[in-house]
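*Asks:* To start, I am sharing the structure in question, which I have written as structure tokens.
The values are calculated or read from the model by the stated rules, or taken from the named source; none is laboratory data. Just so it is clear, the structure is predicted and the values come from calculations on it, not from any experiment. Note that each Cβ is placed from the backbone with ideal geometry, even for glycine, and that neighbours are counted across all protein chains shown. Note: areas computed on protein heavy atoms with side chains; ligands, DNA, RNA excluded. Shrake-Rupley method; radii C 1.70, N 1.55, O 1.52, S 1.80 Å.
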Amino acid sequence: MSALEKIDLGRLPQHVAIIMDGNGRWAKKRGLMRSFGHENGVTTVRQITEIASELGIGYLTLYTFSTENWNRPKDEVDALMNLIVVSIEQQTPDLIKNNVRLTTIGNMRRMPQFARERLEKCMDDTAHCTGLVLCLALSYSSRWEIVEACKTLAAQAAAGQIQAESIDDDMVSKAMATASMPDPDLLIRTAGDLRISNFLLWQIAYSELYFTPKFWPDFTKEDFCEAIVDYQSRERRFGKTSEQLK
């Protein structure tokens, strides 16, 4: 029986977030330039988006480019920016066909103007779609997001719009870039590293974590389904006991 056949469609995670790691190492193992790894990783993005949409998952957030990635060699950054934009433009017709809406989170002000404008057009073109929401975390880091949320709340308090002592979890969540989405139920990381790397730190407080040694270009639809099956085997207690849940 395949992993897909084992999935209980009545207990799907509403939101899956993925740290897509290992493109460079995948290429290096094959004696290729890192850019080849990123190019093959695009194929995986398309396949995982397809299966997430087919299953009926509501939100898929992909860690596409972190604020720390700006520190990589300029030629790699330039190639990544171009690859991201061209890939999304090429996939936009399929996104529309599959009723997938594209959105982004991150400090888009740091993105090159050509990339920002072309991505905004792709988002506009899919704005009418009502199925899976595909969220690309671009020029994103969780610490940046939390600092921005603090600035927003501090400004509101200074303007007398809110009282500082009234700030709670819900208000902080609504100040986050992900305010329009539920918190991830499942976080997947490929390529074997056992860390979160500054990704959705506030939002994954109660997410289930799934790590796989497979590099992102080797991560298949079946692997994604296996992660869902593993997620469905877990008991999510949110601080309660098993007896309380029963």
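*Asks:* Restricting to segment 21-56, name every residue that is among the hydrophobic types (A, V, I, L, M, F, W, C) and crowded, with 22+ Cβ neighbours inside 10 Å. It would help to see each step written out before you state the result.
*Replies:* Of segment 21-56, the ones among the hydrophobic types (A, V, I, L, M, F, W, C) are 26-27, 32-33, 36, 42, 45, 48, 51-52, 55.
If the condition is that a residue be among the hydrophobic types (A, V, I, L, M, F, W, C) and crowded, with 22+ Cβ neighbours inside 10 Å, then Trp26, Val45, Ile48, Ala52 are the ones that fit.
*Asks:* Please work out which residue is nearest to Met20 (Cα to Cα), limiting yourself to segment 189-244 and to residues that are of a type in the set (Val, Ile, Thr) and in a loop (DSSP other than H, G, I, E, B). Give the steps one after another, and end with the answer.
*Replies:* Narrowing segment 189-244 to residues of a type in the set (Val, Ile, Thr): 190, 196, 204, 212, 220, 228-229, 241.
From the residues that got through so far, the ones that are in a loop (DSSP other than H, G, I, E, B) too are 190, 196, 204, 212, 220, 241.
Values: Thr190: 6, Ile196: 11, Ile204: 16, Thr212: 11, Thr220: 12, Thr241: 33 Å.
Among those that are of a type in the set (Val, Ile, Thr) and in a loop (DSSP other than H, G, I, E, B), it is Thr190.
*Asks:* Something else now. Kindly check whether there is at least one residue in segment 111-124 that is assigned to a loop (DSSP other than H, G, I, E, B), open to solvent by less than 20 Å² (accessible area, probe 1.4 Å) and either of a type in the set (D, E, K, R) or under 25 Å from Asn23 (Cα atoms) (or both). Full working, then the answer.
*Replies:* Quick first cut of segment 111-124, residues assigned to a loop (DSSP other than H, G, I, E, B) only: 111-112.
Add one more test, that the residue is open to solvent by less than 20 Å² (accessible area, probe 1.4 Å), and what stays is 111.
If we keep only those that are either of a type in the set (D, E, K, R) or under 25 Å from Asn23 (Cα atoms) (or both) too, we end up with 111.
Scanning segment 111-124 turns up at least one residue that is assigned to a loop (DSSP other than H, G, I, E, B), open to solvent by less than 20 Å² (accessible area, probe 1.4 Å) and either of a type in the set (D, E, K, R) or under 25 Å from Asn23 (Cα atoms) (or both).
*Asks:* Please state which of the following conditions Ile146 fails to meet, knowing it meets all the rest: (1) assigned to a loop (DSSP other than H, G, I, E, B); (2) open to solvent by 20 Å² or more (accessible area, probe 1.4 Å); (3) out of contact with any strand residue (DSSP E or B) (no Cβ under 6 Å at 6 or more places or on another chain).
*Replies:* Only one criterion is unmet by Ile146, namely (1).
*Asks:* Report, by residue number, each residue of segment 177-210 that is closer than 21 Å to Ser2 by Cα and either among the aliphatic types (A, V, I, L, M) or surrounded by fewer than 16 Cβ atoms within 10 Å (Cβ to Cβ) (or both).
*Replies:* Step one: of segment 177-210, the residues closer than 21 Å to Ser2 by Cα are 186, 188, 190, 210.
Result: Leu186, Ile188.
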